[in-house]
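The block underneath contains the structure these notes are about, expressed in structure tokens.
All of the numbers you see were taken from the coordinates with simple rules; none came from a lab. Predicted model only: the values in this text are computed from it and were never measured. Heads up, the Cβs are rebuilt from the backbone with ideal geometry, glycines too, and the neighbour counts pull from every protein chain shown.
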Amino acid sequence: MTDEAAASRRLETRAIRAGRGGNDTALAPVLWATTTFVTPTVEEGRRMATEAGADRFYTRYGNPTVAAFEDAIADLEGAESARAFASGMGAISAVVLGLCSKGDHIVAQKQLYAGTQLLLQTACPRFGIDVTFVDGTEPGAFARAIIPGKTMLVVAETPANPRLGIVDLEELGAIKGPITMVDSTFATPLIQRPLEYGVDLVLHSATKAIAGHNDATLGVVAGTDELLTWLWSFAVLQGANAAPFDAMNGLRGLRTLGVRLRQQTSTAQHLAELLSDHPLVENVSYPGLDSHPQRDLAKRQMEMSGGLLTFDIVGGLEAGRVFVESTEIAQLATSLGGPETLVTHPASTTHVGLTPEEFDASGIGPGTVRLSAGLEHPLDLEADLLQALDRARGAA
Ligand SMILES: Cc1ncc(COP(=O)(O)O)c(C=O)c1O
């Protein structure tokens, strides 16, 4: 089979074998549980120590299992190259601190994963990097905030925490000058491929849907060879390299990603519609609902609506708390994209103690709940949410 024939296959088919070209006769991903490699000659050692992505020198530089995962992501994202990290935050901090220097400027959207936002708000000023936050769902907002000659990086996330706002990838890809980066964690390459729009870097917390079983902490960035070589030089010093075992679980997750995403999307759509009609629910944010303010954009650039939805329960803080403590199938835990349905109540956990103004700015209300649909039967989940809403009614 030619490379061209393989590349013409659908991504879900490619995901089954992606990254395993160098697997010899082993069918499943091979775990290279070693920190270092015997180097045949000094000359070879010198080459391995300096060549970006060399995978047989020292595991912090590269490792064959990690390289297999990186190749798989590069293939599915349509990228020249990828680098895996110990977590999504390891990947994000490598992009921000590896590409920007003192005096540089970053444009970022305000709807971001809280860790990314904190990194930009607290670490960047300490290193002399200015950050301007914009509304990523507003047309033209990123481009308007760019300072020519000073803006080095544009940071976007889509669909975005916490209300699943969508950034227009075509608009982002048209930006010339600064490096553009999209955190595509909620989508994965099977739902959207930002590089096809001209975006420079795509990033994932592979801890989530890609590894997909809540047992691996993993991040990955994909883009051109040139940018990835630059990132690699920083990453080997940063030391947030992916563990081979987690990379193997990343490859394990990719093989079932398509079928999991289709089921989670179907369940999330069902629950979003159910909740939209419920008197104790004020509003539901889900890209698959006609009520989503960017429904048309979501349809244009996403192949599925995904497994995440965010909604507000009537009765605020107490009703939200009672709801997430009353679900029996959906479990109260911080993460997303795995087989277990999870609920979070930011106002009583990650965002506890915010003032009403701060709640408004963050897009989170006292009764906001985020739900990540898992793989349980949708009708069991429906019954679980309805009984938890009944209990929350008492607190409203
Ligand atoms: C969109 C997004 N990006 C990045 C991260 C950080 O990933 P990790 O927890 O793997 O560091 C998260 C974590 O929840 C996330 O939701």
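Remarks
- Proxy reagent accessibility, fewest Cβ within 10 Å first, across 87, 205: 87, 205
- Counted charge near residue 206, where neighbours are those whose Cβ lies closer than 13 Å (Asp, Glu -1; Lys, Arg +1): -2
- The local environment of residue 304, defined by Cβ-Cβ distances under 12 Å, has a net charge of +1 under the rule Lys, Arg +1 and Asp, Glu -1.
- Scattering profile of segment 257-393 at q = 0.16, 0.19, 0.20 Å⁻¹ [log10 I(q)/I(0), Debye over alpha-carbon scatterers]: -0.79, -1.10, -1.21
- Mean projection of the Cα convex hull over all viewing directions, computed for segment 88-196: 6.2 nm².
- What you get for the chain, charging only the Cβ of Lys and Arg (+1) and of Asp and Glu (-1), is a dipole of about 680 debye around the Cα centre.
- Against the chain, whose longest principal axis comes from its Cα atoms, helix 257-276 is set at around 20 degrees.
- Amide H contacts under 5 Å for residue 180: 154, 200, 201, restricted to partners 5 or more places along the chain or on a different chain, H placed in the peptide plane at 1.01 Å from N.
- The chain: proportion of alpha-carbon pairs further apart than 37 angstrom, %: 22
- Diffusion constant of segment 211-279 at 37 °C, which comes from Stokes-Einstein with the Kirkwood Cα-pair radius and 0.692 mPa s, µm²/s: 218
- For residue 103, neighbours were defined as the other residues whose beta-carbon sits under 9 Å from its Cβ, and their charges (Lys and Arg +1, Asp and Glu -1) total 0.
- Among 247, 82, 347: highest mean-square fluctuation, GNM of the chain, C-alpha pairs under 10 Å: 347
- This ranking places 245, 37, 186 by how few other beta-carbon atoms lie within 10 Å of each, fewest first, which gives 245, 37, 186.
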